[in-house]
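The values are calculated or read from the model by the stated rules, or taken from the named source; none is laboratory data. Computed from a predicted structure; not experimentally measured. A quick note on method: Cβ atoms are made from the backbone with ideal geometry, for glycine too, and the neighbour counts reach across all protein chains shown. Remember, those area values only see protein heavy atoms, side chains included, never the ligands or the DNA or RNA. Shrake-Rupley method; radii C 1.70, N 1.55, O 1.52, S 1.80 Å.
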Amino acid sequence: MAKEIIKDNDNLLEVNNLNVRFYSNGREMKAVNGVTFNIKKGETFGFVGESGCGKSTTSRAVIRLLAENAKVPEGEILYNGTDILKLSQDKLRKIRGKEIGMIFQEPMTALNPVLTIKKQVYEQFIGTSMTNKEKEERAIEMLRLVGIPSPEKRLKEYIHQFSGGMRQRAMIATTLAANPKLLIADEPTTALDVTIQDQIIKLINKIKKQMGMSVLLITHDLGVISQMCDRVAVMYAGYFVETADTLTLFAKPRHPYTKGLIDALPSTEKKNSSLMPIKGTTPSLAELPKGCPFGPRCPYCEDKCVNELPEMTEIESGHMVRCHFSYKLKNASGLISIEEGEQ
Amino acid sequence: MSEEAKKLVEVKHLIKHFPIPRKITDVLTNKPQKSVKAVDDVTLDIYSDEILALVGESGCGKSSFARTVIRLYDPDSGNIIMDGKDITKLSKRELRPLKRNSQMVFQDPYSSLNPRMMVGDMLKEEFIYHNICKPEEVDKKISDILEKVGLSQDAKDRFPSEFSGGQRQRIGIARALAVNPKLLIADEPVSALDISIQAQILNLLKELQKEYSLTILFISHNLNVVYYIADRVAVMYLGKIVELGTTNDIYENPLHPYTDILIKSSPNLDPRKREEAPAINGNPPSPIDIPPGCRFAKRCPFAMDICHKELPELKEITPGHTCACHKYS
Ligand SMILES: Nc1ncnc2c1ncn2[C@@H]1O[C@H](COP(=O)(O)OP(=O)(O)OP(=O)(O)O)[C@@H](O)[C@H]1O
Ligand SMILES: Nc1ncnc2c1ncn2[C@@H]1O[C@H](COP(=O)(O)OP(=O)(O)OP(=O)(O)O)[C@@H](O)[C@H]1O
Ligand code: SF4
Ligand SMILES: [Mg+2]
Ligand SMILES: [Mg+2]
């Protein structure tokens, strides 16, 4: 079944068995371990997990923007059928920015402070045959699309003249000007206020629909996942531990870590009960346990878990879990409840 | 909150403005001195034993308010009455013995602890500086406080860098609680933490509040967290309180249009409930050039003529539930 999904030619991106290692101070850190997923055309796929679990590293590996001390010993990243890991720098540059756009958490570091917004949007058109007039029209159209008022005027301004929410919009506008088919958004709203976050979420959702774009969304916020993603992968210590469509994951979590996150989350139903924190701390990526990475913190852990790394297993169509005992969570409650047959 | 609930802190018409440094050309041309109106006439009571949450968007003045209340900043005008005593005009020296009454825990557990001091020494310093106990009792006190916040005894001999984020936040809480404060101000204490660690800290604060009848002013912009922890909620917008009520009142029956929008903007945890349009467009105006009238008028879907002209007063709409909005006059 899993294999069939992977061959589906609706896939814009297919990542197979991706591994990333970091080397520092003579230690090898296993930051990404055997990650496999695909993103269909027009789909929003989310990575969720706590700090340091490898979300950014995985997404940066997809466009080969990893730090110098990183290696990818194994894996395949097929973008429209072409393996990105095997591309020449030249061809890679053509895909990066043009085909695959990326928005980062902190727009100040990604946008150039000494160039006007206009210049930065124009950079996206290098290599096209657009005339200056067409470029200007397109730039204005992009700023308008992301909700920046009087775009003709704002185009001539510098990034420091924009507020936080405006900067994130400007960043989205420059990224989208090239009309990418895949947008990678790494914590695009984390630094923003709730009302601005809400605006950016709705904006990306709208543009995605209009342009038929695919989105890879990275966040640690289950609320943001809920409002944006079609499917989700939960990451823990560099591993995918559970993937499902968003509704299923929220209603019927089947991995003990996903369930742990849900039980720890303050939500309106829990006003008068204690939250249930996940005990213990995340393992060091330099010394991952040989069995299940979540084993040391897992309430269901048994000998088998200590000795044997569980495989990603499809428990229901489209719902994959990496746990020897996921059947024990068959009747576990989620963040929300769904009726039989709903989905 | 019952009528006879005791007021631990009474804040009356508190104002704290930060003057903006003028360019020399502005001084020469006699341009008026401008200032950031961070806290602009706030009147608010904090009751004993309650957890009062202060919510609002970045820059609305939450931290400035908290810091002024405990006199880390000097107020421009207004009164702060702490436990029956007016502390507005006390000098640094007069304040010192009162300092232990109100303690603060900060957002960033990394930068708010001295990295070169072992946890035990840090706590010892607090006990001695504030004359909490006899020197021979200090060790016992340290053990007690570590236990209270759920840290193991060996924490004494370790440096802050040797702890995880959640443990460091516990150290910050231990230091604040060491002096038996009446008021604990927690300024975004969980914003920098992961979900699983956040849960530990929220549980801890709730337990401590119950067990030691602490009063907590909890500052946050995360409405789910606030709903979970708070007894009452104050909503702040551009230096002013626009609504105040019990947590239930605020979430079930928000009166101010801004509160309503704030709640609707928080991402819903149910993926079936997705809206296409944002709850509100535009950004909050600058706290420097504040237009007359209601500060929210420019963005408010209900704004009437009067809203652009006259500042609405905070009024009690139902018992214990106050709101500053012309809709209710
Ligand atoms: N250049 C590097 N050298 C060594 N280790 C690194 C490097 N970059 C990242 N790491 C480590 O790899 C792990 C994964 O990091 P990554 O940035 O992908 O996490 P993340 O899930 O995006 O976390 P966050 O939510 O905090 O952004 C972390 O433990 C991190 O410390
Ligand atoms: N020491 C200071 N000097 C000058 N201006 C200040 C100072 N502290 C705060 N301000 C300004 O006062 C306003 C209110 O800031 P404050 O830090 O109180 O907001 P906040 O509500 O705590 O925001 P956040 O959620 O971002 O922490 C802001 O415009 C800020 O820039
Ligand atoms: S494999 Fe074992 S230790 Fe790992 S999550 Fe499942 S039950 Fe827990
Ligand atoms: Mg990251
Ligand atoms: Mg603040």
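Annotations
- Restricting the stretch B:252-270 to residues that are in a loop (DSSP other than H, G, I, E, B) and either basic (Lys, Arg) or in contact with an Asp or Glu (Cβ under 9 Å, 6 or more places away or on another chain) (or both) leaves a set whose member that is nearest to the other protein chains (Cβ to nearest Cβ) is B:Pro267.
- Flag for A:Ser226 being surrounded by fewer than 17 Cβ atoms within 10 Å (Cβ to Cβ) and either among the small types (Gly, Ala, Ser) or in contact with a helix residue (DSSP H, G or I) (Cβ under 7 Å, 6 or more places away or on another chain) (or both): no
- Pick from the stretch B:282-329, criterion acidic (Asp, Glu) and part of a loop (DSSP other than H, G, I, E, B), ranking: surrounded by the fewest Cβ atoms within 10 Å (Cβ to Cβ): B:Asp289
- For the stretch A:262-279, residues that are within 18 Å of A:Val234 (Cβ to Cβ) and either more than 9 Å from chain B (Cβ to nearest Cβ) or not in a loop (DSSP other than H, G, I, E, B) (or both) total 3.
- Subset of the stretch B:19-72 (residues that are closer than 24 Å to B:Pro312 by Cα, open to solvent by 30 Å² or more (accessible area, probe 1.4 Å) and within 13 Å of ligand 5 (Cβ to nearest atom)): B:Ser58, B:Gly59, B:Ser63
- All of A:Glu287, A:Glu314 fail the test of being open to solvent by 20 Å² or more (accessible area, probe 1.4 Å) and free of Cβ contacts under 8 Å to residues at least 12 places away in the same chain, apart from A:Glu287.
- Scanning the stretch A:104-146 for residues that are modelled with pLDDT of 80 or more and of a type in the set (Asp, Glu) yields A:Glu123, A:Glu134, A:Glu136, A:Glu137, A:Glu141.
- For A:Pro149, the conditions (1) surrounded by fewer than 19 Cβ atoms within 10 Å (Cβ to Cβ); (2) out of contact with any Pro (no Cβ under 6 Å at 6 or more places or on another chain); (3) within 14 Å of chain B (Cβ to nearest Cβ); (4) in a helix (DSSP H, G or I) are fulfilled apart from (4).
- Test: residue in the stretch B:187-210 that is at pLDDT 95 or above, more than 14 Å from chain A (Cβ to nearest Cβ) and open to solvent by less than 20 Å² (accessible area, probe 1.4 Å): no
- Considering residues of the stretch A:152-170 that are aliphatic (A, V, I, L, M) and away from chain B (no Cβ under 14 Å) only, the residue farthest from B:Glu57 (Cα to Cα): A:Leu155
- Tallying residues that are at positive phi and in contact with a Phe, Trp or Tyr (Cβ under 9 Å, 6 or more places away or on another chain) within the stretch A:232-243 yields 1.
- Elements of type strands (runs of 3 or more DSSP E) contained in the stretch B:7-105, each with 1 or more residues being charged (D, E, K, R) and closer than 22 Å to B:Leu238 by Cα: B:7-19, B:35-47
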